[in-house]
Amino acid sequence: MAAQNGKDLLVKVDMTGDGSFETLAGLRATRISFNAESVDITSLESQGGWRELLAGAGVRSASISGSGVFRDANTDARARQLFFDGEVPVFQVVIPDFGTVEGLFQVTALEYAGSHNGEATYELSLASAGALTFVAA
């Protein structure tokens with residue numbers, strides 16, 4: 001796979017609950033990470049004393065983070081309202097030349113910052129709130 005533009009990694013939110021996705025505007029940096037907890041089943045009988053893990057067990061999760069500047073009143077307001085209402089809508093993450101991850105996410109952190117001689121910025125964090133789907137590019 002060839003190198004990709006970071007700006008092509010997009011975080012999209014379902015704006016109305018009907019599958020109408022829009023990119024969260026103004027994001028300059030985005031990140032998605034996948035995690036899987038392991039379940040240790042090591043016992044005295046484990047071969048050579050090596051740790052053994054139970055396949056397919058444990059909690060899987062994903063987190064998304066992003067930071068940027070205010071660019072679009074609609075998506076800015078949607079992200080803010082999701083946090084204050086505690087809603088868990090469908091998000092999509094488009095990973096260039098890899099695919100699209102889709103599922104329920106909750107806005108777990110929303111930060112605003114600015115200086116007197118610079119632009120106002122924001123950072124947000126999302127945590128998966130259910131099963132995710134992946135469609136290869």
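This table checks each residue for (1) surrounded by 15 or more Cβ atoms within 10 Å (Cβ to Cβ); (2) under 14 Å from the mean Cα position of the chain (by Cα).
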| site | (1), (2) |
| --- | --- |
| 53 | no, no |
| 58 | no, no |
| 80 | yes, no |
| 85 | no, no |
| 98 | no, no |
| 106 | yes, yes |
| 116 | no, no |
| 121 | yes, no |
| 129 | yes, yes |
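If you go through the range 101-116 and pick out every residue that is of a type outside the set (A, V, I, L, M, F, W, C) and within 22 Å of residue 132 (Cβ to Cβ), you end up with 4. Among the residues making up the range 22-44, those that are under 17 Å from residue 66 (Cα atoms) and either more than 18 Å from the chain's Cα centre (by Cα) or of a type in the set (A, V, I, L, M, F, W, C) (or both) are 24, 25, 27, 29, 32, 34.
For the range 34-77, filtered to residues that are touching a strand residue (DSSP E or B) at 6+ places or on another chain (Cβ under 8 Å) and among the hydroxyl-bearing types (Ser, Thr, Tyr), the residue that is modelled with the lowest pLDDT is 75.
Within the range 20-35, being hydrophobic (A, V, I, L, M, F, W, C) and either in contact with a helix residue (DSSP H, G or I) (Cβ under 6 Å, 6 or more places away or on another chain) or closer than 14 Å to residue 100 by Cα (or both) holds for 21, 24, 25, 32, 34. Of 87, 119, 123, 102, all but one fail to be within 19 Å of residue 22 (Cα to Cα), of a type outside the set (Lys, Arg) and part of a loop (DSSP other than H, G, I, E, B); the exception is 87.
For the range 46-77, the tally of residues that are not in a loop (DSSP other than H, G, I, E, B) and not hydrophobic (A, V, I, L, M, F, W, C) stands at 13. Of all the listed residues (14, 72, 40), the sole one being more than 24 Å from residue 130 (Cα to Cα) and in contact with an Asp or Glu (Cβ under 9 Å, 6 or more places away or on another chain) is 72.
Quick grid of which residues meet (1) in contact with a Gly (Cβ under 6 Å, 6 or more places away or on another chain); (2) of a type in the set (Val, Ile, Thr):
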| residue | (1), (2) |
| --- | --- |
| 69 | yes, yes |
| 81 | no, no |
| 87 | no, no |
| 94 | no, yes |
| 99 | no, no |
| 110 | no, no |
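Quick test for you: out of 120, 79, 109, 62, pick the one residue that is aliphatic (A, V, I, L, M), touching a Ser or Thr at 6+ places or on another chain (Cβ under 7 Å) and under 15 Å from residue 27 (Cβ atoms). After applying the criteria, what remains is 109. Screening residue 134 with (1) over 11 Å from the mean Cα position of the chain (by Cα); (2) buried (at least 17 other Cβ atoms within 10 Å of the Cβ) gives one miss only, at (2). Among the candidates 88, 13, the residue that is touching a strand residue (DSSP E or B) at 6+ places or on another chain (Cβ under 6 Å), within 22 Å of residue 110 (Cβ to Cβ), modelled with pLDDT of 95 or more and not small (Gly, Ala, Ser) is uniquely 88.
The values are calculated or read from the model by the stated rules, or taken from the named source; none is laboratory data. Predicted, not measured: the structure shown is a model, and the values here were computed from it. A quick note on method: Cβ atoms are made from the backbone with ideal geometry, for glycine too, and the neighbour counts reach across all protein chains shown.
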